Amino acid sequence: MKATLIRVYGSRVTRGTLHCVAKGKKMQIKTIELPWANNEKGASCIPVGIYEVVYAYSPRLKKKTYRVVDVPSRDGILFHPANFAKQLKGCIAPCKAFADLDNDGVIDGTNSRLAVEELENFFDKNGFTLEIK
């Protein structure tokens, strides 16, 4: 099971499309992240690379979610709901579509909670390999 995240970098938000493959099925989900800021903790999306993703308990969220492991110089990188990049501290927020929800000129993500549920259901809450391009 794997997912490939194709990013489009911006100065205030990084948009992406997550291409998921599992058990002969395919699915795409949009994502939002912070812009690239040299992998600075709390201010940047994570570097391009190949990572393992596990489904594990998050003390911060107080529930299980997907966690990206072995990110250079970073930890606590989760897939979790967020509609605005400003809600993120380096994590990846799945979403259904892109829109400027608050009319501030920055692209946001829509229906993030639903997109997280779809991701969990697609991978059946199992881990997967993530390639970020």
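Structure above, values below:
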{"item": "Furthest towards positive pole of dipole, GLN28, MET1, GLY16, structure part the chain, Cβ charges", "result": "MET1"}
{"item": "Exceeding the 29 Å Cα-Cα cut-off - candidates LYS25/LYS86; LYS86/LYS133; LYS41/LYS125; LYS23/LYS89", "result": "LYS25/LYS86; LYS23/LYS89"}
{"item": "Solvent-accessible surface (1.4 angstrom probe) belonging to SER11, in square angstrom, nearest 10", "result": "110 Å²"}
{"item": "Dipole magnitude of the chain, debye to nearest 20 (Cβ charges: Lys/Arg +1, Asp/Glu -1, about Cα centre)", "result": "260 debye"}
{"item": "For the stretch 61-133, alpha-carbon Rg over 2.2 N^0.38 Å", "result": "1.15"}
{"item": "Segment MET27-LYS125, extension gain: residue separation times 0.36 nm, minus the distance between their alpha carbons", "result": "33.8 nm"}
{"item": "Among PRO72, ASN103, TYR57 the positive-end extreme of the charge dipole of the stretch 54-117 (Cβ point charges)", "result": "TYR57"}
{"item": "D (Stokes-Einstein, µm²/s), Kirkwood Cα radius, the chain, 1.567 mPa s at 4 °C", "result": "89 µm²/s"}
{"item": "Solvent-accessible surface ranking, highest first, for LEU114, LEU61, LEU130 at 1.4 angstrom", "result": "LEU114, LEU61, LEU130"}
{"item": "Partners for LYS63 among aspartates and glutamates (Cα-Cα distance below 20 Å; same-chain residues under 8 apart left out)", "result": "GLU52, ASP75, GLU117, GLU118, GLU120, ASP124"}
{"item": "Average Cα contact separation per residue, the stretch 22-133, under 8 Å, 6 or more apart, as relative contact order %", "result": "30 percent"}
{"item": "Charge sum, other residues only, whose C-beta stays under 11 Å from GLY16's C-beta, Lys/Arg counted +1 and Asp/Glu -1", "result": "+3"}
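The values are calculated or read from the model by the stated rules, or taken from the named source; none is laboratory data. If you're wondering where the values come from, they're calculated on a predicted model, not measured in any experiment. Note that each Cβ is placed from the backbone with ideal geometry, even for glycine, and that neighbours are counted across all protein chains shown. Just so you know, the surface numbers come from the protein's heavy atoms only, side chains and all, with ligands and any DNA or RNA stripped out. Shrake-Rupley method; radii C 1.70, N 1.55, O 1.52, S 1.80 Å.
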